[in-house]
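Okay, so here's the structure we're looking at.
What follows is calculated from the coordinates using simple rules that are stated; it is not laboratory data. Source: prediction; values computed, not measured. Here the Cβ positions follow ideal geometry from the backbone for every residue, glycine too, while neighbour counts run over all protein chains shown.
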Amino acid sequence: MTIIPAMDLPSGRLLALDLGQARIGVAICDELGLLASPLTVLRRRRTRAEDFAAIAALVQRERAVGVLVGMPLDSAGEAGAQARWTQRYAGRLAATLPVPLAFWDESHTTDDADALMRESSGRTALDAAAAAVLLRDFLEARRRLLEGM
């Protein structure tokens, strides 16, 4: 599919990805976009094509209508080396998916993910928790935007 602005993602089940060099945290939301939950952590495969196939399988299995990817901006909101890597990786991923992909700033998700892990007594992997926090932040921002209209 293609990369679109985050607020243009369709309503419904969204998959969120916290991309890393070794692992990809994955979260999902319900059809109404009210609750974001950690889903799984994917270990990065030998090739991007294998990663992309695993993500596409999750999109299909979870009936996701869009994918949200965390963008690691620095404290000034600029795209450093990690953000540029994320843009390239997700750009290639988007071309293989049957649903649109969008980016969302993940700058403050790690602290919130740590808190979520403590609340779940450590049952939630940090990468999946970070993806859930990313998705929750996006859903809250979209809800605020829609309420203001």
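Quick test of your reading of the structure: LEU42 fulfils all but one of (1) part of a loop (DSSP other than H, G, I, E, B); (2) in contact with a Lys or Arg (Cβ under 9 Å, 6 or more places away or on another chain). Name the failing condition by number.
(1)
Search region 15-34 for residues being touching a strand residue (DSSP E or B) at 6+ places or on another chain (Cβ under 6 Å) and either among the charged types (D, E, K, R) or within 15 Å of LEU93 (Cβ to Cβ) (or both), and hand back the single one that is surrounded by the fewest Cβ atoms within 10 Å (Cβ to Cβ). So that I can check it myself, show each step before the final result.
Step one: list which residues in region 15-34 are touching a strand residue (DSSP E or B) at 6+ places or on another chain (Cβ under 6 Å), which gives 15-18, 23-29.
From the residues that got through so far, the ones that are either among the charged types (D, E, K, R) or within 15 Å of LEU93 (Cβ to Cβ) (or both) too are 15-18, 23-26.
On the way: LEU15: 26, ALA16: 32, LEU17: 27, ASP18: 30, ARG23: 16, ILE24: 24, GLY25: 28, VAL26: 25.
Out of the qualifying residues, it is ARG23.
What pairs come out if I take residues in region 66-77 that are in a loop (DSSP other than H, G, I, E, B) and pair them with residues that are of a type outside the set (D, E, K, R) whose C-beta lies under 7 Å away, six or more apart or interchain?
PRO72/GLN82; PRO72/ALA83; PRO72/THR86; LEU73/ALA79; LEU73/ALA83; LEU73/SER107; ASP74/GLY80
In contact with a strand residue (DSSP E or B) (Cβ under 6 Å, 6 or more places away or on another chain) and exposed (fewer than 15 other Cβ atoms within 10 Å of the Cβ): which single residue out of PRO100, PRO5, PRO38, PRO10 fits that description?
PRO10
Read through the list (1) surrounded by 14 or more Cβ atoms within 10 Å (Cβ to Cβ); (2) in a helix (DSSP H, G or I); (3) out of contact with any Pro (no Cβ under 8 Å at 6 or more places or on another chain), then give the number of the only condition that ARG92 fails.
(1)
With aliphatic (A, V, I, L, M) and closer than 13 Å to ALA102 by Cα as the only criterion, which of VAL65, VAL59 stands out?
Being aliphatic (A, V, I, L, M) and closer than 13 Å to ALA102 by Cα holds for just one of VAL65, VAL59, which is VAL65.
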